[in-house]
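Some notes on the structure that comes next.
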Amino acid sequence: MTIHVMLVHASRVIRTAIGNLIDLQQGFRVVATAGSTKEAIECLTQTSPVCELILIDGSIVQPGSIAELLAASSAKVVMLSECETDESLDECIKEGARGVIGVDADVDHFVKALTKVHEGEYWLNRQATSRILSTLGQPPKELSPEQVKISSLTAKEKLVVQAVLQGNGQTLHNTAQDLKISENTLRNHLTSIYSKLGLANRTELFIFAQQHFE
């Protein structure tokens, strides 16, 4: 059995190095790479690579990114971090990431972590496990009305919103080309987005996205 891996890291050199390392391990193969979470989600939603694990650089992960990756794929997410005890990664675990691997891990440790996560286990050090368990009984932070609306969007719809924002007033045709979908499909997505966000048109969507999308 081969475990298929998507590798997400901002550095092309590091992506290549880690990718080569993974491909050298028996039973592993890198099937897709990306330089950001946005690129990874686009790849997962548009080309649908078959992968069981997503290995991502923890330093490029933003709030909500792990949840978006999981919405776009059934793969398990593992993070690479300069420090396995980095408390900023705790929220990523709560969003659904299954483990953290320190960049100083040796090859055996690295392969064992990926294998265990693929088998359904978590790969966390004791400090992180203790911190996360201690907060599980606390009430969740209350979301703003805008955050509640945004959470109702699918991963593909969020990509459309980001494209509208980055397009800065460009035509539907150009936005559809950027997303590699038809104009009709784009219109269908926009209709759903307007309904979920309580907006009337692209102008209102652009203003909303400027204020509430990172």
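Pairs please, first residue from the stretch 66-82 and outside the structural domain of ALA113 (by TED's automatic domain parsing) and of a type outside the set (Lys, Arg), second anywhere and crowded, with 22+ Cβ neighbours inside 10 Å and part of a strand (DSSP E or B), Cβ atoms under 9 Å, 6+ apart in sequence or on different chains.
Hits for this filter: zero, empty list.
Please work out if ILE181 is at pLDDT 85 or above, under 23 Å from the mean Cα position of the chain (by Cα), of a type outside the set (D, E, K, R) and more than 17 Å from GLN46 (Cβ to Cβ). Quick ask: steps written out before the conclusion?
Working: at pLDDT 85 or above: yes; under 23 Å from the mean Cα position of the chain (by Cα): yes; of a type outside the set (D, E, K, R): yes; more than 17 Å from GLN46 (Cβ to Cβ): no.
In short, no.
Is the stretch 47-59 home to any residue that is modelled with pLDDT under 90 and either under 20 Å from HIS109 (Cβ atoms) or surrounded by 20 or more Cβ atoms within 10 Å (Cβ to Cβ) (or both)?
Scanning the stretch 47-59 turns up at least one residue that is modelled with pLDDT under 90 and either under 20 Å from HIS109 (Cβ atoms) or surrounded by 20 or more Cβ atoms within 10 Å (Cβ to Cβ) (or both).
Can you spot a residue in the stretch 18-34 that is among the acidic types (Asp, Glu), closer than 16 Å to LYS76 by Cα and either surrounded by fewer than 20 Cβ atoms within 10 Å (Cβ to Cβ) or not assigned by TED's automatic domain parsing to the domain that holds ASP104 (or both)?
The answer is no, given that none of the residues of the stretch 18-34 is among the acidic types (Asp, Glu), closer than 16 Å to LYS76 by Cα and either surrounded by fewer than 20 Cβ atoms within 10 Å (Cβ to Cβ) or not assigned by TED's automatic domain parsing to the domain that holds ASP104 (or both).
Out of VAL161, VAL117, report the one residue that is assigned to a helix (DSSP H, G or I), in the same structural domain as LEU21 (by TED's automatic domain parsing) and modelled with pLDDT of 90 or more.
After ruling out the rest, the residue left standing is VAL117.
Restricting the search to the stretch 86-117, which residues are among the basic types (Lys, Arg) and surrounded by fewer than 16 Cβ atoms within 10 Å (Cβ to Cβ)?
We begin by selecting, within the stretch 86-117, every residue among the basic types (Lys, Arg); these are 94, 98, 112, 116.
The answer is LYS94, LYS112, LYS116.
Within the stretch 164-194, can you find the residues that are in a loop (DSSP other than H, G, I, E, B) and either surrounded by 15 or more Cβ atoms within 10 Å (Cβ to Cβ) or of a type outside the set (D, E, K, R) (or both)?
ASN168, GLY169, GLN170, THR171, ILE181, SER182
The values are calculated or read from the model by the stated rules, or taken from the named source; none is laboratory data. Note that the structure is a prediction, hence the values are computed from the model and not measured. Ideal geometry is used to build each Cβ from the backbone, glycine not excepted, and the neighbour counts take in all protein chains shown.
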